[in-house]
Amino acid sequence: MKQRLVMIGNGMAGVSFVEQLLKLNPNRYEITIIGAEPYPNYNRIMLSSVLAGDASMQDIILNDWDWYRDNHITLHTGETVTKIDSAAKEVVTDKDAAIPYDELVLATGSLPYMLSLPGADKEGVIAFRDIKDCETMIETAKHYRKAIVIGGGLLGLEAASGLIHLNMEVSVVHKHAHIMERQLDATASFMLQEELERQGMRFLLQKQSDSILGDARVRGLRFQDGTEELADLIVMAVGIRPNVQLAKKSGIEVNRGIVVDDYMQTSEANIYAVGECVEHRATTIGLVAPLYEQGAVLAKKLAGVTVDGYKGSVVSTKLKVSGVHVFSAGRYEDGPGTKALRVQDDLEGVYKKIVFDHGKVVGAVLFGDTSESSKVYAAIRSGEDYTGREKEILFGGAGSPGGRSASPIDLAAAMSGDEIVCGCNGVAKDTIVSAIMERGCVSVGEIKACTKASGSCGTCKPVVEAILTATIGSEQVAPVKEGICGCTSLTRDDVVEAIRRMRLTTTKEVMHVLEWNNPEGCSKCRPALNYYIGMIYPKEHEDELESRFVNERNHANIQKDGTFSVVPRIYGGVTTPEDLKKIATVAEKYHVPLVKITGGQRIDLLGVKKEDLPNMWKDLNMPSGYAYGKALRTVKTCVGNTFCRFGTQDAIKMGIDLEKKFERLNTPHKVKLAVSGCPRNCAEATIKDLGVVAIDGGWELYVAGNGGMRVRAADLLTKVKTEEEVLKWTGAYLQYYRETANFGERTSEWSLRVGLETIKKALATQEDRDALNARIDVTLGQTQDPWKQILENEDLRNAFDALTAPVSSEAAASSESGAAYKKGGGQG
Ligand SMILES: Cc1cc2nc3c(=O)[nH]c(=O)nc-3n(C[C@H](O)[C@H](O)[C@H](O)COP(=O)(O)OP(=O)(O)OC[C@H]3O[C@@H](n4cnc5c(N)ncnc54)[C@H](O)[C@@H]3O)c2cc1C
Ligand SMILES: NC(=O)c1ccc[n+]([C@@H]2O[C@H](COP(=O)([O-])OP(=O)(O)OC[C@H]3O[C@@H](n4cnc5c(N)ncnc54)[C@H](O)[C@@H]3O)[C@@H](O)[C@H]2O)c1
Ligand code: SF4
Ligand code: FES
């Protein structure tokens, strides 16, 4: 007769243990799992991705109901074990079931730590631990605006990032001077903070929370220094504590966690523990990879296979925030007895630190470029002595200058077989290579299905992809078809094609007809759909304000202190004494704390209160500069031949003509232009989305440059003779970008993806350029200045006031009022 194995807890570590046990000895036990949550086993890690709109709830189910049935596992969900009777060898649940066991495994995980602040029981104060918390945040973001996350650790920052994607204004309250202090040194932490601020996160550092304000629902947070911050939602992410109460009251030895030996055995016979609830050699762990290692040991033990005990793990972490690359492992702070190798490149936003103790790598921090993370992690785990060749870790054997890494494919090829590629699932390179060579996997998706690699947090996906390419060559790799977000499996091209073919004209219609699995869509797909529909049907499309990002809804950029900036348009960077006087008067009247000349040659009024925005726009009586939008931003010019003795052409006039023609144009991402009057290129036209440089007898047009985080020199598109030709080529190029780029893709990324030759070919004939210009002219013909529109139209003004209301208690705007916001006016 089979032995009875009962497991308490249906989470990631526990179920991974069961999976491994079933592989080793599928027939030994009759298995029962009791889980307090009402779902089958899901990927808790990916709750951050659900919040960020990169995955749906369906995507994160790891083992569906069928899996339990197929493996003959009895599953009790929504049921909590309240008692373990180790003498009678049975557990009792809150539904009065008594379940006997021969072997019992505790996999009860952790509980989020909740600060016991006065007011912490108010509605709107939550943790971020499970599906329910995630759903609460998504729902709250539909009706409220302002969120506070307490705790600037991994969880807090991922929660904050997700809430920003849900269009909330988010402040992170942290008690230390730098964020993620458990994983990062001060340099990496500041670089991370800067990047997150750029994404819209605000930080309140060295703040001790005192009490939560509000009546039934939270209204804000008071700090011990007496200051206050408004909030409609407070997410506590200040750490976790192992869930040990059940074990403790059942007489099992408990310290911080449930105490286990190297074989995961607790103080009681036939009772084991695995996962976050465990304390092993005085250590508790809150990351899955080491918990899977524990599960592997326990599986062998209970399958009757000889096993070396669990000796502890080196932990490594990566923050899962889009656009941010941070890795930390082991002892990342250097001190007496250790030496550190540091590489810092502020221009590229890259920082790498490797810490050595007597020649061995004991820890690392990588920011901006984490391509060496698996190599570094393997070095820490192996304990290999690098004395005398420490630099090989970052620079390779020959030592390449500048700290630049080899290509990802070269790095993948150079990895040793036992290097762990997927930390979440403990998958080594060898396992991936055998899935490719022996099981015929030709895509990352197939490798995921075979090995689980890349199936959890997804940060290892680029390395898995690189191993695939290094193993079979790029020609053999199956093209990846990825849905535009977790709400659909349809690609951008599928969606655009369907909008055209079925004449879909609202985001709701697209989501309904194309059977989105989340009928409301998410913060990733809604703005994209709004853009695609507007691009395809410029005349019919009614811009959906509620589908816009927060800055675009406000027609102003939100600043780190919650105030806004106002940037009027100054064509080509040329102003007049009258306009300067107007700007000065407005700055004085509204007590603008900072007046700043921007890099794009205009004037930024910073620190403006939200309620002052419309009146300032009125007093300025100048067009919006669209400093907040995915639209044409600026056309920077040099003085050209008007004054400069080197100038060969009139750069100012060319720049003003371009700006006047293409202002207010909606584009997949922001677009910056520049015009220089001679090849000395003072306007830096060759790092712009489109740059025009005067040469003798004509102009050169450069495209797809970028001056931001990843500097990219623009490519020469063409040479033309007249100003009229510059305008026509620019129109054709911008329209081709509008029609073929993914929403959110800068021209530099788009050009690399589609290839410069494709772009040149698409614009090669006069006929093609004329057709593109005809289409862009229709769109341009629909645009109106958004500031003026709001001032002149009462409905729009009401919609603006409602959608940008400062605190939620004043009720959220309905989508109907948002929809009243007519075409063209949206940030372009
Ligand atoms: C938002 C988020 C993002 C994360 N991201 C990462 C990441 O990127 N990388 C990483 O390595 N880790 C990450 N983690 C941590 C990771 O999810 C955990 O380490 C892992 O889920 C722990 O697994 P576990 O099985 O020990 O516990 P859990 O997954 O918490 O499972 C325990 C289960 O037991 C149930 N339970 C408890 N007591 C009882 C009882 N008495 N009766 C019945 N059932 C009970 C609980 O309801 C729970 O469902 C993240 C965590 C969160 C919340
Ligand atoms: N990407 C990832 O690997 C990932 C993502 C999310 C969660 N997790 C795991 O989930 C668990 C929970 O994450 P976490 O970030 O809550 O835990 P944590 O303990 O790593 O971080 C909590 C942070 O909150 C700060 N803090 C504590 N008290 C505070 C207070 N009163 N006010 C302001 N700040 C305060 C701490 O200084 C710390 O930086 C951890 O085990 C973490 O490793 C991992
Ligand atoms: S780019 Fe040439 S024309 Fe323009 S300011 Fe510089 S030197 Fe003068
Ligand atoms: S490292 Fe998280 S899925 Fe691979």
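No lab work stands behind these numbers, since they all come straight from the coordinates. Treat the numbers as computed from the prediction; the structure is a model and nothing was measured. Heads up, the Cβs are rebuilt from the backbone with ideal geometry, glycines too, and the neighbour counts pull from every protein chain shown.
Roughly how tilted is helix 766-782, in degrees to the nearest 10 and between 0 and 90, from the longest Cα axis of the chain?
For helix 766-782, the angle is close to 80 degrees.
Using 7 Å Cα-to-Cβ label points, what is the Asp410/Asn25 separation (nm, one decimal)?
Placing both labels 7 Å along Cα→Cβ, they lie 4.9 nm apart.
So for each of 489-498, 526-535 I average, over its residues, the number of other beta carbons within 10 Å; can you give me the resulting order with the highest mean first?
Numbers: 489-498: 16.7, 526-535: 24.6.
Put in order of decreasing packing, that is 526-535, 489-498.
Which of the lysines could a cross-linker span from Lys132 if the Cα-Cα distance has to be under 19 Å and same-chain partners fewer than 8 positions apart are dropped?
Lys122, Lys142
For segment 221-327, what does the alpha-carbon gyration tensor say about shape, rounded, prolate or oblate, given a ≥ b ≥ c as the root eigenvalues, a/c under 1.5 as rounded, and a/b over b/c as prolate? It would help to have the intermediate numbers written out before the result.
Values: a/c = 3.38, a/b = 1.72, b/c = 1.97.
Taking the square roots of the gyration eigenvalues as a ≥ b ≥ c, segment 221-327 is oblate.
All other residues with a Cβ under 14 Å from the Cβ of Lys339 taken together, and with Lys, Arg as +1 and Asp, Glu as -1, what is their net charge?
Working: positive: Arg331, Arg342, Lys353, Lys360, Arg389, Lys391; negative: Glu333, Asp334, Asp357, Asp385, Glu390.
That works out to +1.
Can you give me the C-alpha center-to-center distance between segment 264-282 and segment 549-570, rounded to a whole angstrom?
Each part's Cα centre sits 53 Å from the other's.
Simple spin-label model, 7 Å along Cα-to-Cβ: Asn255 to His358 in nm?
Output for this residue pair reads 2.5 nm.
What does DSSP give for the chain in terms of the percent of beta bridges that are antiparallel, rounded to the nearest 5?
About 60 percent, rounded to the nearest 5.
Once R0 is set to 30 Å, what does the formula 1/(1 + (r/R0)^6) return for the Cβ-Cβ distance between Gln199 and Lys596, expressed as a FRET efficiency to the nearest 0.05?
Working: r = 21 Å, r/R0 = 0.69.
Rounded to the nearest 0.05, the efficiency is 0.90.
Please give the contour-minus-distance gain from Asp66 to Glu588: 0.36 nm per residue of separation, less the Cα-Cα distance, rounded to one decimal in nm. Kindly include the intermediate steps, with their values, before the conclusion.
Details: separation 522, 0.36 × 522 = 187.92 nm, distance 6.77 nm.
Stretched fully, the Asp66-Glu588 segment lengthens by 181.1 nm.
Give, rounded to the nearest 20 debye, the magnitude of the charge dipole that segment 630-799 has about its Cα centre when Lys and Arg contribute +1 at Cβ and Asp and Glu contribute -1 at Cβ. Present the calculation step by step, with values, prior to reporting the outcome.
On the way: 26 positive and 24 negative charges, 112 e Å.
It works out to roughly 540 debye.
With the crude spin-label approximation of a point 7 Å out along Cα→Cβ, what separation in nm comes out for Lys142 versus Ser211?
According to this spin-label approximation, the distance is 3.4 nm.
Could you give the distance between the Cα centres of segment 709-750 and segment 140-195, to the whole Å?
35 Å
Helix 461-472 sits at what angle to the longest principal axis of the chain, using alpha carbons and giving 0 to 90 degrees rounded to 10?
Once rounded, one gets 90 degrees.
Does segment 492-548 classify as rounded, prolate or oblate by the C-alpha gyration tensor (a ≥ b ≥ c root eigenvalues; a/c under 1.5 gives rounded; else a/b over b/c gives prolate, otherwise oblate)? Walk me through the intermediate numbers first.
On the way: a/c = 1.65, a/b = 1.10, b/c = 1.50.
Oblate, because a/c is 1.5 or more while a/b does not exceed b/c.
Taking Lys581 as the anchor, which lysines have their alpha carbon closer than 17 Å to its alpha carbon, excluding any fewer than eight residues away along the same chain?
Lys589, Lys596, Lys618
How high is the FRET efficiency between Glu739 and Thr187 when r is their beta carbon distance and R₀ equals 41 Å, given to the nearest 0.05?
Details: r = 43 Å, r/R0 = 1.04.
Efficiency at R0 = 41 Å is approximately 0.45.
Quick one: helix 651-662 against the long Cα principal axis of the chain, what's the angle to the nearest 10°, folded into 0 to 90?
Helix 651-662 sits at roughly 60 degrees to that axis.
Multiplying the sequence separation of Thr642 and Ala498 by 0.36 nm and subtracting their Cα-Cα distance, what value in nm do you get? Write out the running numbers ahead of the final one.
On the way: separation 144, 0.36 × 144 = 51.84 nm, distance 5.01 nm.
My answer for the length gained is 46.8 nm.
With r defined as the distance between the Cβ atoms of Gln344 and Asp102 and R0 fixed at 56 Å, what FRET efficiency is calculated, to the nearest 0.05? Could you put the intermediate results ahead of the total?
Values: r = 57 Å, r/R0 = 1.02.
After rounding to 0.05, the efficiency reads 0.45.
What lysines could a cross-link reach from Lys311, if we take a straight Cα to Cα line under 22 Å and drop same-chain neighbours fewer than 8 places away?
Lys300, Lys301, Lys360, Lys375
How about segment 513-589: which trypsin sites (Lys or Arg not before Pro) there lie in a loop by DSSP and see at most 14 other Cβ atoms within 10 Å? All intermediate terms of the calculation are to be shown ahead of the outcome.
Values: sites: Lys524, Lys539, Arg548, Arg553, Lys560, Arg569, Lys581, Lys582, Lys589; in loops: Lys524, Lys539, Arg548, Lys560, Arg569.
In loop regions of segment 513-589 (DSSP not H, G, I, E or B), the sparsely surrounded trypsin sites (Lys or Arg not before Pro) are Lys539, Lys560.
Under a Cβ-Cβ cut-off of 11 Å, what is the net charge of the residues other than Thr740 that fall near it, where Lys and Arg count +1 and Asp and Glu count -1?
Numbers: positive: Arg492, Arg738, Arg753; negative: Asp493, Glu739, Glu745.
Net charge around Thr740: 0.
How many times 2.2 N^0.38 Å is the alpha carbon radius of gyration of segment 112-241? Please list the in-between numbers first.
Values: Rg = 13.6 Å, N = 130, 2.2 N^0.38 = 14.0 Å.
Rounded to two decimals, the normalised Rg is 0.97.
Work out, step by step, the length gained on full extension between Glu611 and Asp385: first 0.36 nm times the residue separation, then minus their alpha carbon distance; give nm to one decimal.
Working: separation 226, 0.36 × 226 = 81.36 nm, distance 6.20 nm.
Length gained, Glu611 through Asp385: 75.2 nm.
Long-range amide H contacts for Gly744: which residues qualify at under 5 Å (H placed 1.01 Å from N, peptide plane, sequence gap of 5 or more or a different chain)?
Amide H to amide H, under 5 Å and 5 or more residues apart or across chains, Gly744 pairs with His669.
Tally Lys and Arg at +1 and Asp and Glu at -1 over the other residues with C-beta under 10 Å from the C-beta of Lys589: what net charge comes out? Mind showing how you got there, number by number?
Numbers: positive: none; negative: Glu588, Asp612, Asp619.
Charge balance in the 10 Å sphere: -3.
Quick one: what Rg and Dmax do you get for the chain from the alpha carbons, in Å?
29.1, 97
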